[in-house]
Amino acid sequence: MTMQQDAAPPPVRDWDPEADDTLVCRAVRDETHDVKTFVFAPARPCLFRFEPGQFITLELPIGGETIHRSYTVSSSAARPHRLSITVKRVPGGPVSNWLHDNLKPGDRIRAVGPLGEFTPGDSEVPRKFLFLSGGSGVTPLMSMTRTFDDLGEDHDIVFVHAARTPADIVFRRELDALTGPGRRLRVAHVCEGIGTESHWAGFTGRLSLPMLGMIAPDFLEREVFVCGPGPFMKAVRTFLEEGGFDMSRYHQESFDFAEMTAELTAGEPPAEVSPIQAAAPEAAPSDGFRIEFAKTGRVFACPPDMALADAASAADIRVPTSCSRGLCGTCKTKLISGTVEMNHTGGIRKREIDQGLILLCCSRPTSDLVIER
């Protein structure tokens with residue numbers, strides 16, 4: 001008797017934002033009174049491949065326009081079927097408020113990524129980490145912690161999270177649960193005030209060098225990853241330097257990408273250079289080109305060696321930018337006419353380039369331009 005074997009199912013392919021740029025919201029969870037987690041899956045079965053600490057850029061239809069915003073992935077890289085971001089509602093913030101008020105399970109959005117270099121890299125060899133986060137900056141460090149725990153990697157981690165009050169601590173219960181017996185994770189919450197939690201037993205005040213010495217006496221031996229608001233990161237960097245920490249083992253990331261510092265550009269992949277052309281007008285003199293924003297009617301000059309976003313800023317014209325290095329896609333816009341040279345690092349798709357889109361932060365004019373903005 002001949003036995004017939006069923007054919008093996010085809011392997012699930014990896015998510016490719018060039019071909020599979022649509023994400024479906026599968027769940028929305030409340031983390032605190034003003035923080036929500038949004039869980040996404042691909043529109044078609046595929047796997048997300050990313051390093052913990054990376055981010056995705058969402059394309060959101062808000063107020064009749066498409067707005068791009070980057071959010072760090074908060075989920076574990078060891079669970080590739082789903083991907084989540086965790087977003088704090090910012091008073092007056094158009095994107096965070098839109099997400100909190102409108103995005104619901106079943107909705108579809110477009111995304112680019114994951115991208116970013118704020119990752120622990122090779123984690124097979126046990127290492128000693130110190131994670132320092134403030135506010136929403138907890139998300140990339142939570143992704144690292146979840147990934148290490150899922151993979152059973154034997155790292156020694158001290159995780160310090162700073163918040164305004166105990167009610168503002170994101171992932172509080174999960175972090176505390178991960179510190180159980182047999183796990184090499186120590187968690188310390190630092191709150192500026194106790195709020196309504198009269199029996200608060202954690203640290204109170206602002207994170208400082210003496211406080212860090214009590215939490216992690218061996219901090220000089222650890223590799224430090226820091227993420228949070230600019231003032232928080234500046235304070236941490238200052239007291240670590242004063243404490244004699246080897247800053248070659250210091251890594252930081254701004255949770256809103258607007259405050260990225262020069263250190264983060266070290267070790268980046270080579271930028272992709274793309275000449276962009278759209279019905280080029282006659283070039284202006286070599287000392288600068290005429291740049292026109294068609295929708296607003298604003299006109300300014302841009303030297304050939306300056307990025308368009310920088311020239312706009314110098315002319316007191318505000319344009320949305322975040323990473324300033326062609327990575328996040330926040331400043332993506334349509335080039336109506338003219339030519340530019342664009343040096344990006346993954347924040348724009350090839351088909352978008354073919355459609356005439358550019359990134360203002362990393363595009364330099366080679367002729368006069370008209371831009372749809």
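Results, tabulated for the structure shown:
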{"read-out": "Extreme residue, positive dipole direction of the chain, given options Gly134, Ala309, Phe239 (C-beta unit charges)", "value": "Gly134"}
{"read-out": "Long-range HN-HN contacts of Arg298 with modeled amide H, under 5 Å", "value": "Phe293"}
{"read-out": "Theoretical gain in end-to-end length, Met306 to Val90 [0.36 nm per residue, Cα-Cα removed]", "value": "74.6 nm"}
{"read-out": "Of every Cα-Cα pair in segment 8-165, the percent that sits beyond 20 Å", "value": "52"}
{"read-out": "Straight-distance crosslink candidates among lysines, where the alpha carbon sits under 23 Å from Lys234 and sequence neighbours closer than 8 are dropped", "value": "Lys88, Lys128"}
{"read-out": "Label-point gap, in nm, between Lys334 and Asp122 - each point 7 angstrom along Cα→Cβ", "value": "4.8"}
{"read-out": "Two-site label geometry, Arg108 and Arg26: point separation in nm, points 7 Å out along Cα→Cβ", "value": "1.7"}
{"read-out": "Along principal axes, Cα extents of segment 35-125, largest first, whole Å", "value": "47, 30, 21"}
{"read-out": "Long pairs among Lys295/Lys334; Lys104/Lys334; Lys295/Lys332, criterion Cα-Cα beyond 21 Å", "value": "Lys104/Lys334"}
{"read-out": "Cα-based convex hull volume of segment 4-83 per residue, rounded to whole Å³", "value": "139"}
{"read-out": "Distance histogram for the chain (every C-alpha pair counted, 20 angstrom bins, percent rounded to whole numbers)", "value": "27, 52, 19, 2, 0"}
{"read-out": "For Gln252, distant residues with modelled amide H under 5 Å away", "value": "Val226"}
{"read-out": "Separation of alpha-carbon centers, segment 180-252 and segment 63-123, rounded to whole Å", "value": "26"}
{"read-out": "Segment 319-373, Cα convex hull volume normalised per residue, Å³", "value": "66"}
{"read-out": "In Å², nearest 10: area of Lys128 left accessible to a 1.4 Å probe", "value": "60"}
{"read-out": "Table column - 3J(HN,Hα) (Hz), segment 361-373, Karplus curve with 6.51, -1.76, 1.60, x for Gly and Pro", "value": "6, 10, 10, 10, x, 10, 6, 4, 10, 10, 10, 7, 8"}
{"read-out": "Where segment 328-373 is the region considered: accessible area per residue in Å², 1.4 Å probe", "value": "29"}
{"read-out": "Dipole magnitude (debye, nearest 20) for the chain, charges at Cβ of Lys, Arg, Asp, Glu", "value": "940"}
{"read-out": "Accessible area expressed per residue, segment 103-253, with surrounding protein chains retained (probe 1.4 Å, Å²)", "value": "45"}
{"read-out": "Apportionment of accessible area to carbon and sulfur, the chain, percent (1.4 Å)", "value": "51"}
{"read-out": "Positive-end residue, the chain charge dipole about Cα centroid, Cβ charges, pick of Pro320, Tyr250, Ile109", "value": "Ile109"}
{"read-out": "Under-5 Å amide H pairs with Arg26, H placed in peptide plane, nonlocal only", "value": "Val39, Phe40, Ala41, Gly106"}
{"read-out": "Residue-span extension gain [Thr238 to Glu341] - 0.36 nm each, minus C-alpha spacing", "value": "33.3 nm"}
{"read-out": "Convex hull volume per residue in cubic angstrom - Cα atoms of segment 131-226", "value": "99"}
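The values are calculated or read from the model by the stated rules, or taken from the named source; none is laboratory data. What you see is a predicted model; the values in this text were computed from it and never measured. Cβ sites come from the backbone with ideal geometry, for glycine too, and all protein chains shown count toward neighbours. We work out accessible area using only protein heavy atoms, side chains counted, and drop any ligands, DNA or RNA first. Shrake-Rupley method; radii C 1.70, N 1.55, O 1.52, S 1.80 Å.
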